[in-house]
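In what follows, a single structure is set out as structure tokens and then discussed.
The values are calculated or read from the model by the stated rules, or taken from the named source; none is laboratory data. Fair warning: this is a prediction, and the values are worked out from it, not measured in the lab. With ideal geometry, Cβ positions are generated from the backbone for all residues, glycine too; neighbour counts draw on all protein chains shown.
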Amino acid sequence: SDDRPAPPSGAADDRPVPPARVRLGDVVPAPERVTPVPGADFVLTPDAAIRVSGDDARAVAGQLAALLRPATGYPLPVTDATRPEPAGGITLTLAASADHGPEGYRLDVTPDGVRIEAATPAGLFHGVQTLRQLLPATIESPLPVAEHWALPGGSITDRPRFSYRGAMLDVARHFFGVPDVLRVIDHLARYKLNHLHLHLTDDQGWRIAIDSWPRLAEVGGAVEVGGGPGGHYTRDDYRRIVAYAAERHVTVVPEIDLPGHTNAALTAYGELAPDGVAPPPYTGTEVGFSYVDPTNERTYEFVADVLGEIAALTPGPWLHIGGDEAFKVRPDAYAAFVERTQRVVAATGKTVVGWHQIAPVAHAEGRVLQWWGTKGEDPVTADAVHRGARLVLSPGNHAYLDMKYAPDTPIGHDWAGMIDVRRAYDWDPGTHVAGVPADAVLGVEAPLWTESVTSRAEVEFMLFPRLPAIAELGWSPRATHDWAGFRDRLAGHGPRWAAAGMAFHRSPEIPWP
Ligand code: TNX
């Protein structure tokens, strides 16, 4: 499709330089402000260096170099910006005085170079993701490509609309090993998402080692939906995940689902079951049948031990206690259990998060409800918000990445309807739930439940292209919201995903090149 001559990379010759192929406004999620300057393109050449000012910028510069080296084949040394250098490189500047907020940045492309400025490493990192999208799609290739590495001239200033932008991976229904999780973190980082919620426990599997209750992972982790071998993370596995996420400015939100969704735990410790008898392992996909006994003091020892260990392993501020679909627990017993568990979380120093089923119970300082409703109103949740709760929005009929795209999608659910890309994109987190003001909305999260999702390729197929739609709702100012524009910008990402070896759904709504 491109008939412009590509000069040999970096060769100095007299031919007119072809313009950049990507437009400055093609970025996903849409930046706050984009000011193109025609004729001011920059071309990355083999002699380019990445210059840093501010010590904490060095790590981000190293990440940028690692992103650009494979496809360009250029050495891209990271050097100090105070040393005189020939023009023609990329400069990353950390300036605490810069007014871009905790995650924002400014990016300037001129014929002399690219400059990114931010007040924080997270801001610089997000600027680097933008820079990456301004290069030709072949930048995603793991092997060197002969390419004209041009970026479009102009300036971008950018910052997020919401502070919480996330995705959830259910590693309980089907287990996904550490490399798969790290790859999902890479995908979040591309689209400036900053939270990974791990659904670590459910009826079909307990996926994290707990020292004080070793059978949870050993016994409860050894199954999954469909009867496969399951698996679990050791403490070191989990530490690797949270460290890898932190390097990419992603906070891990661990979920231990209580008091329901606990069949796997009960298979390991029958003493926690209402009848004191361990049930058989469960490999089906029904919900709502299991629960830990809320009237047994031993249950609260279990809760305190497990949440204490998870809190100690988790650097982020959140601890998610589930709370959904405990259909067999009477409402008063459920409320007492959740209120006590909220206090256990507070004692660990973390802030409690729960599915919006916990809305009716007493408020706990700072608590966050993850709302997965499918209607625009929910008086019980609105009331909890008026009592102080904040919301993360995961509307089932827009943000659930386990829903099918269309009736012929080979995997996925349909209880919340079909979710094509437009449905994922066309809603406003700021006004979605009646009676919930925008300032009570912490952000958005796209959950991927995995009853029918069994491999890394299937995870990617369900995430792409819908995850970027949710990412844009979380990041971009509402004024940029525009389906036609989004569809066109998103189209250019298909070749990027292909070059990166990612699976994705070729949604017919998107004009893929
Ligand atoms: C409901 S959403 C669930 C999950 C299922 C999901 C399937 C929520 C908090 N609970 O247990 O996996 O539906 O879409």
*Would you pick out the residues in the stretch 396-447 that are of a type in the set (Gly, Ala, Ser) and within 19 Å of MET462 (Cβ to Cβ)?*
GLY396, ALA399, ALA406, GLY412, ALA416, GLY417, ALA424, ALA446
*Checking ALA484 against (1) surrounded by fewer than 24 Cβ atoms within 10 Å (Cβ to Cβ); (2) among the hydrophobic types (A, V, I, L, M, F, W, C); (3) in contact (Cβ under 8 Å) with a residue 24 or more places away in the chain, which single condition isn't satisfied?*
(3)
_Which numbered condition PRO407 misses (of (1) of a type outside the set (D, E, K, R); (2) more than 20 Å from the chain's Cα centre (by Cα); (3) not in a loop (DSSP other than H, G, I, E, B))_ = (3)
_Top-ranked residue of the stretch 379-432 - restricted to ones that are more than 16 Å from the ligand (Cβ to nearest atom) and of a type in the set (Val, Ile, Thr), ranked as farthest from GLY166 (Cα to Cα)_ = VAL385
_For the condition of a type in the set (A, V, I, L, M), crowded, with 22+ Cβ neighbours inside 10 Å and within 16 Å of the ligand (Cβ to nearest atom), what is the one hit in ALA172, ALA217?_
ALA172
*Would a scan of the stretch 326-335 turn up a residue that is on the phi > 0 side of the Ramachandran plot and either more than 16 Å from the ligand (Cβ to nearest atom) or assigned by TED's automatic domain parsing to the domain that holds THR450 (or both)?*
no
_Close pairs (9 angstrom Cβ cut-off, 6 or more residues apart or separate chains): assigned to a helix (DSSP H, G or I) in the stretch 238-260, within 16 Å of the ligand (Cβ to nearest atom) and at pLDDT 95 or above anywhere_ = TYR238/LEU198; TYR238/LEU200; TYR238/PRO254; ILE241/LEU198; VAL242/PRO254
_Checking the structure you have, find out if any residue of the stretch 494-510 is outside the structural domain of GLY322 (by TED's automatic domain parsing), farther than 30 Å from GLY230 by Cα, without any contact (Cβ under 8 Å) to a residue 40 or more places away in the chain and surrounded by 15 or more Cβ atoms within 10 Å (Cβ to Cβ)._
yes
_Single residue of the stretch 364-377 satisfying the filter (in contact with a helix residue (DSSP H, G or I) (Cβ under 7 Å, 6 or more places away or on another chain) and not polar (S, T, N, Q)) that is nearest to the ligand (Cβ to nearest atom)_ = TRP372
*Looking only at the stretch 203-238, count how many residues are over 20 Å from ASP180 (Cβ atoms) and acidic (Asp, Glu).*
3
*Pick out the one residue from THR431, THR450 that is without any contact (Cβ under 8 Å) to a residue 40 or more places away in the chain and in a loop (DSSP other than H, G, I, E, B).*
THR431
*Give ALA333, ALA346, ALA384, ALA312 a once-over and let me know the one that is within 21 Å of TRP213 (Cβ to Cβ) and not in a strand (DSSP E or B).*
ALA312
*Somewhere in the stretch 258-270, is a residue surrounded by fewer than 17 Cβ atoms within 10 Å (Cβ to Cβ), farther than 30 Å from PRO121 by Cα and modelled with pLDDT of 95 or more?*
yes
*Among the numbered conditions (1) more than 16 Å from the ligand (Cβ to nearest atom); (2) under 28 Å from PRO102 (Cβ atoms), tell me where VAL178 comes up short.*
(2)
*Would you please list the contacts, defined by Cβ atoms under 9 Å and residues six or more apart or on different chains, that run from a residue in the stretch 286-312 that is closer than 18 Å to TYR334 by Cβ and among the acidic types (Asp, Glu) to a residue that is outside any helix (DSSP H, G or I) and more than 16 Å from the ligand (Cβ to nearest atom)?*
ASP293/ALA273; ASP293/PRO274; ASP293/ASP275; ASP293/GLY276
*Determine which member of the set GLY166, GLY226 is surrounded by 19 or more Cβ atoms within 10 Å (Cβ to Cβ) and either assigned by TED's automatic domain parsing to the domain that holds ASP305 or outside any loop (DSSP other than H, G, I, E, B) (or both).*
GLY166
*State all residues of the stretch 389-427 that are touching a residue at least 60 places away in the same chain (Cβ under 8 Å) and in contact with a Pro (Cβ under 6 Å, 6 or more places away or on another chain); if no residue qualifies, say none.*
SER394, VAL421
